[in-house]
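Student: To start, I am sharing the structure in question, which I have written as structure tokens.
The values are calculated or read from the model by the stated rules, or taken from the named source; none is laboratory data. None of these values were measured; they are calculated from a predicted model. Ideal geometry is used to build each Cβ from the backbone, glycine not excepted, and the neighbour counts take in all protein chains shown. Surface areas here come from the heavy atoms of the whole protein model, side chains and all, with no ligands, DNA or RNA. Shrake-Rupley method; radii C 1.70, N 1.55, O 1.52, S 1.80 Å.
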Amino acid sequence: MDPKPLIARSASRVAELADPLRNYYSDLKIFGSLDGAPTCVTTFSRVSCLVPGREPIDLYATGNLYLFRVDRPGPGQLREPDEHAFRITSRETGFILDPTTFEPLEGLENPVTGQWQETAGIVFEDEWIYTPSGGYSAARPDYFYDKRPDALTRARPHYVLGDDLVTLREAIFHDQGPHQPRGNTLLWRARLAEVLDTGRAAVEASYDWHGTAFAWERAWLGFPTGHPARLVFHAMGRKVLSLERAAPLVTRLVRRYFPERLEV
């Protein structure tokens with residue numbers, strides 16, 4: 001088979017997203033909706049604990065529901081005028097699951113103490129200001145992420161895989177601080193034709209996230225501050241445009257325990 005036509009087609013498609021501003025709006029479209037409608041992501045993850053001198057521990061799994069809304073920033077939330085700035089409202093509700101069966105857990109064995117320990121749900125929300133050059137938390141304006149001085153000339157990393165577009169977002173933090181280093185890698189995968197369709201405000205997409213952190217940051221695990229044990233996270237999920245298409249296991253749990261969290 002002559003690969004040249006396929007290579008040429010892929011190259012031309014990537015070129016369509018080479019414009020940084022078009023690339024930026026495509027990114028927003030992949031994880032949110034440009035018309036302000038709520039979207040949701042359901043994910044399942046596994047969390048392993050790596051303790052020096054011990055076999056890796058399959059600690060627990062999680063089932064999570066994220067609700068996103070993309071709209072304009074509120075008064076006083078912008079550091080400086082930016083016509084392309086958006087506010088991302090994120091709400092997370094999750095549950096601790098068995099790492100093998102993915103059934104809900106009421107508790108688990110603490111890997112440090114060996115004692116049985118009750119588990120609790122995961123409830124979190126935040127607002128982020130998102131701009132072509134980076135962003136920051138609306139609740140914590142001093143917290144920056146993905147700030148790039150070359151943002152006006154370089155599109156976010158992406159590549160074409162068959163008929164799909166894959167976008168990459170990663171960060172390895174080595175700044176001064178007690179929680180460093182840590183790392184995050186997030187992949188979104190969507191249909192390229194849908195992303196480039198100007199008649200669509202949003203698209204469905206798959207979600208794949210890997211992360212690391214110090215185990216002592218989860219105080220309930222019982223590791224003393226500064227202990228070298230690490231947590232390794234791997235989450236996979238799907239972004240959909242309505243709750244009816246979200247993973248039933250997760251939405252049933254949210255409706256049972258935190259029904260108010262579904263109001264958007």
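Student: Given a Förster distance of 35 Å, report the FRET efficiency between Thr100 and Asp163 from their Cβ-Cβ distance, rounded to the nearest 0.05.
Tutor: So the FRET efficiency works out to roughly 0.55.
Student: Determine which residues of segment 20-39 fall in the zone a paramagnetic label at Thr153 would reach in this model, i.e. backbone nitrogen under 14 Å from the point 7 Å along Cα→Cβ.
Tutor: Taking a point 7 Å out along Cα→Cβ of Thr153, the residues of segment 20-39 whose backbone N falls under 14 Å are 20.
Student: How long is the gain from Trp116 to Leu186 if the chain were fully straight, where each residue apart is worth 0.36 nm and the alpha carbon distance is subtracted?
Tutor: Contour length minus the Cα-Cα distance gives 21.9 nm.
Student: Oh, and also: Please compute the length gained on full extension between Leu249 and Arg200, using 0.36 nm multiplied by the number of residues separating them and subtracting their Cα-Cα distance.
Tutor: Taking 0.36 nm per residue and subtracting the Cα distance, the gain is 14.8 nm.
Student: Carbon-plus-sulfur fraction of the accessible area of segment 14-60, 1.4 Å probe, in percent?
Tutor: Whole-percent figure for carbon plus sulfur exposure: 56.
Student: Suppose R0 equals 25 Å; then what is the FRET efficiency for Ser133 and Met236 from their Cβ-Cβ distance, rounded to the nearest 0.05?
Tutor: Efficiency for this residue pair is about 0.25.
Student: Leaving ligands, DNA and RNA out of it, report the carbon-plus-sulfur percent of the accessible area of segment 85-129 at a 1.4 Å probe.
Tutor: 49 percent
Student: A further question follows. Quick check for you: with a 1.4 Å probe and neighbouring chains kept, what is the accessible area per residue of segment 56-146, in Å²?
Tutor: Spelled out: the 1.4 Å probe surface of segment 56-146, per residue, equals 53 Å².
Student: Taking the full set of protein chains and a 1.4 angstrom probe, give the accessible area of Glu260 in square angstrom, rounded to the nearest 10.
Tutor: Here the accessible area works out near 100 Å².
Student: So how much accessible area does Asp164 have, in Å² to the nearest 10, using a 1.4 Å probe?
Tutor: Counting only protein heavy atoms, Asp164 exposes about 20 Å² to solvent.
Student: Calculate what fraction, in whole %, of the accessible area of segment 189-264 sits on carbon and sulfur atoms when a 1.4 Å probe is rolled over the protein chains.
Tutor: The computed percentage sits at 54.
Student: How do the peptides 80-89, 202-211 rank, highest first, by the average count of neighbouring beta carbon atoms within 10 Å per residue?
Tutor: 202-211, 80-89
Student: In whole Hz, what ³J(HN,Hα) sequence does segment 59-69 give by Karplus (6.51, -1.76, 1.60; θ = phi - 60°), x for Gly and Pro?
Tutor: Once θ is set to phi - 60°, the couplings for segment 59-69 become 6, 6, 10, 9, x, 10, 10, 10, 10, 10, 9 Hz.
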